[in-house]
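The values are calculated or read from the model by the stated rules, or taken from the named source; none is laboratory data. All of these numbers come straight from a predicted model, not from anything done at the bench. In this analysis, Cβ positions are derived from the backbone assuming ideal geometry, glycine residues included, and neighbour counts consider all displayed protein chains. Remember, those area values only see protein heavy atoms, side chains included, never the ligands or the DNA or RNA. Shrake-Rupley method; radii C 1.70, N 1.55, O 1.52, S 1.80 Å.
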Amino acid sequence: NAGVTQTPKFRILKIGQSMTLQCAQDMNHNYMYWYRQDPGMGLKLIYYSVGAGITDKGEVPNGYNVSRSTTEDFPLRLELAAPSQTSVYFCASSYGAGNTIYFGEGSWLTVV
Amino acid sequence: GQQVMQIPQYQHVQEGEDFTTYCNSSTTLSNIQWYKQRPGGHPVFLIQLVKSGEVKKQKRLTFQFGEAKKNSSLHITATQTTDVGTYFCAGLTNAGKSTFGDGTTLTVKP
């Protein structure tokens, strides 16, 4: 099992560009999440999904979009990148609510 | 909405000293989980507590869940340099949503 795999690991974007962070899990988990973590700060939930075809906003969804067409994949789309989106992004998954949350290794994004 | 507060935000200790981080929720929790994030790494699951008053131990780490299921603590005895990192609690409400605390970052001076 690879667990939760996210790509790219590092990316530099120019202001106004768009990009997609890819996330895949091979544990047949129903729940998937996207968090962002600013330097020295905690985890902020961007979006989450409780199953294929279902997504919902977290605490900080503005400037992002997600889709969940399959159980395995949960890409995060950044439209019109802004410096405030400079952060580390973690994709995560769990079997259900309250089960262990498994995190990917993170994607370091810088917007200049 | 539900809030999970974690204190302290930072803790600096001398190697061998004890360390405790506290997690408090505004609402009753169904369970609480603890995660550790090493510097530059990703959060990794440590343990889950479910029962009121539950206490679990992992070597030098002791985890407690309060009687009212609104607070929890993680205590490390005789810290080592390998304990450095940020410790997060995550509380699950009866509504089925998990919320992470902001974490406590532990540094250990050898």
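Taking the range A:3-21 as the range and being farther than 11 Å from A:Glu72 by Cβ and open to solvent by 30 Å² or more (accessible area, probe 1.4 Å) as the test, the residues that pass are A:Thr7, A:Pro8, A:Lys9, A:Phe10, A:Arg11, A:Ile12, A:Lys14, A:Ile15, A:Gly16, A:Gln17, A:Ser18, A:Thr20. Filtered by the rule that a residue be of a type in the set (D, E, K, R) and within 21 Å of B:Glu17 (Cβ to Cβ), the range B:58-107 gives B:Lys59, B:Arg60, B:Asp83.
Whether a residue is touching a Gly at 6+ places or on another chain (Cβ under 7 Å) and either at pLDDT 95 or above or over 23 Å from B:Gly96 (Cα atoms) (or both) was assessed, and A:Ala81 passes this test.
Residue-wise test of (1) closer than 19 Å to B:Gln80 by Cα; (2) touching a helix residue (DSSP H, G or I) at 6+ places or on another chain (Cβ under 9 Å); (3) open to solvent by 50 Å² or more (accessible area, probe 1.4 Å); (4) modelled with pLDDT under 95.
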| site | (1), (2), (3), (4) |
| --- | --- |
| B:Gln3 | no, no, yes, yes |
| B:Gln11 | yes, no, yes, no |
| B:Tyr22 | no, no, yes, no |
| B:Thr27 | no, no, yes, yes |
| B:Lys56 | no, no, yes, no |
| B:Lys59 | yes, no, yes, no |
| B:Phe63 | yes, no, no, no |
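Residue count for the range A:62-112, restricted to those that are among the polar types (S, T, N, Q), outside any loop (DSSP other than H, G, I, E, B), away from every other protein chain (no Cβ under 14 Å) and closer than 18 Å to A:Ser49 by Cβ: 1.
Mind counting the residues in the range B:53-94 that are in contact (Cβ under 8 Å) with a residue 24 or more places away in the chain and not in a strand (DSSP E or B)?
Just the residues of the range B:53-94 that are in contact (Cβ under 8 Å) with a residue 24 or more places away in the chain, to begin with: B:63, B:65, B:68-81, B:83-94.
Narrowing the set further to residues that are not in a strand (DSSP E or B) leaves B:68-70, B:77-81, B:83-84, B:94.
Of the residues in the range B:53-94, 11 are in contact (Cβ under 8 Å) with a residue 24 or more places away in the chain and not in a strand (DSSP E or B).
Conditions tested, residue by residue: (1) in contact (Cβ under 8 Å) with a residue 24 or more places away in the chain; (2) touching a Leu at 6+ places or on another chain (Cβ under 8 Å).
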{"position": "A:Ser18", "(1), (2)": "yes, yes"}
{"position": "A:Leu21", "(1), (2)": "yes, yes"}
{"position": "A:Ala24", "(1), (2)": "yes, no"}
{"position": "A:Tyr33", "(1), (2)": "yes, yes"}
{"position": "A:Asp38", "(1), (2)": "yes, no"}
{"position": "A:Ile46", "(1), (2)": "yes, yes"}
{"position": "A:Ile54", "(1), (2)": "no, no"}
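Scanning the range A:37-61 for residues that are within 22 Å of B:Gly96 (Cβ to Cβ), part of a strand (DSSP E or B), touching a Lys or Arg at 6+ places or on another chain (Cβ under 8 Å) and open to solvent by less than 40 Å² (accessible area, probe 1.4 Å) turns up A:Ile46, A:Tyr47, A:Ser49, A:Gly51.
The residues in the range A:62-81 that are open to solvent by less than 30 Å² (accessible area, probe 1.4 Å) and over 11 Å from the mean Cα position of the chain (by Cα) can be counted, and the count is 2. The residue that is surrounded by the most Cβ atoms within 10 Å (Cβ to Cβ), counting only those in the range B:31-46 that are in a strand (DSSP E or B), facing chain A (nearest Cβ under 9 Å) and not aromatic (Phe, Trp, Tyr), is B:Gln33. Whether a residue is in a strand (DSSP E or B) and more than 14 Å from chain A (Cβ to nearest Cβ) was assessed, and B:Thr20 passes this test.
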